[in-house]
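The values are calculated or read from the model by the stated rules, or taken from the named source; none is laboratory data. Computed from a predicted model, the values in this text were never measured in an experiment. A quick note on method: Cβ atoms are made from the backbone with ideal geometry, for glycine too, and the neighbour counts reach across all protein chains shown. Surface accessibility is based on the protein's heavy atoms, side chains included, excluding ligands, DNA and RNA. Shrake-Rupley method; radii C 1.70, N 1.55, O 1.52, S 1.80 Å.
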Amino acid sequence: MQENSLAFNALILAGGRSSRLGGVPKQSLVFRGQTLLERALAAAAGARRTVVVGDAGFLSSQGTASHPVAQASWPPGVLTCREEPPFAGPAAAIGTGLHALEEYGGDAPFTLVLACDMPLASGAVAVLREALFASPTRPGEGGGGGVMARSGDGRAQPLAAFYSTPGLKKACAELAARNALVNGSVRALLASLDVQLVTVPAGSTSDVDTWDDAAALGIAAESQRESKDPSTGGTNVGGKS
């Protein structure tokens, strides 16, 4: 299939405080037998390299915050790192993830940026891959700014998108030069990129910020495994909650 020919790395955001979930790390929530982190990893299948930025010890069959999954148990090609300082926001996490991919995983013309709190994101990623491959901006060479998910009601989701790797690196460097990467906004980070909005399947960018959000997706609070680590706090991706 055409989409399999798209060369990309993946950067999964899994860092924050998850205060509106009472500190329960989002990536530890179980949806249809898998943690949200494992579902995000599956959505990124096909990436040359994948990096998880944040608290990364949660797979479906093993691992809680008290007993995280060892690096050796991770799928091949998956790296882990943490933004500095911790909880410095998604822009800082993107910069840290890009550095890790460059240092340990080589390079690719495009980078998939994906928050780990969207259980149905695989549908969005598939549509975005098809759109990017079909675009006239020379996808094999990282041309253009990339493609970003847009829900049916017109809401853009910058944390479900393929970005030109050179463009994203340049944007990070420019924000860092102004000392605005740490605690900076994703909107400011992406302001210089010419990104095409692509409408994705209904529900594929629905995220989990609150227990009401979780319940709407069929994730029951009482069904979750013990996962809160008082020493590190919880995790939120893409926001301040």
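In the set THR210, THR232, only one residue is at pLDDT below 90, surrounded by fewer than 22 Cβ atoms within 10 Å (Cβ to Cβ) and out of contact with any helix residue (DSSP H, G or I) (no Cβ under 8 Å at 6 or more places or on another chain); that residue is THR232. For segment 26-38, the tally of residues that are buried (at least 24 other Cβ atoms within 10 Å of the Cβ) and not in a strand (DSSP E or B) stands at 6.
Out of the residues in segment 1-25 that are assigned to a loop (DSSP other than H, G, I, E, B) and in contact with a Pro (Cβ under 9 Å, 6 or more places away or on another chain), which is surrounded by the fewest Cβ atoms within 10 Å (Cβ to Cβ)? Step through it out loud before you land on a result.
Of segment 1-25, the ones assigned to a loop (DSSP other than H, G, I, E, B) are 1, 6-7, 15-18, 22-25.
The next check asks that each one be in contact with a Pro (Cβ under 9 Å, 6 or more places away or on another chain); those that pass are 6-7, 15-16, 18, 23.
Working: LEU6: 20, ALA7: 16, GLY15: 29, GLY16: 28, SER18: 27, GLY23: 18.
Per the criteria, the residue is ALA7.
Could you tell me how many of the residues in segment 13-45 are farther than 25 Å from ALA88 by Cβ and of a type in the set (S, T, N, Q)? So the count comes out to 1. If you scan segment 199-219, which residues turn out to be β-branched (Val, Ile, Thr) and out of contact with any strand residue (DSSP E or B) (no Cβ under 7 Å at 6 or more places or on another chain)? Result: VAL208, THR210.
Can you pull out every residue in segment 165-179 that is open to solvent by less than 30 Å² (accessible area, probe 1.4 Å) and more than 17 Å from ALA44 (Cβ to Cβ)? Steps first, please.
Step one: of segment 165-179, the residues open to solvent by less than 30 Å² (accessible area, probe 1.4 Å) are 165, 167-168, 171-172, 175.
GLY167, ALA171, CYS172, LEU175 - these are the residues of segment 165-179 that are open to solvent by less than 30 Å² (accessible area, probe 1.4 Å) and more than 17 Å from ALA44 (Cβ to Cβ).
What is the one condition in (1) modelled with pLDDT of 95 or more; (2) touching a Leu at 6+ places or on another chain (Cβ under 6 Å); (3) open to solvent by 20 Å² or more (accessible area, probe 1.4 Å) that GLY123 does not satisfy? Of the numbered conditions (1) modelled with pLDDT of 95 or more; (2) touching a Leu at 6+ places or on another chain (Cβ under 6 Å); (3) open to solvent by 20 Å² or more (accessible area, probe 1.4 Å), the odd one out for GLY123 is (2).
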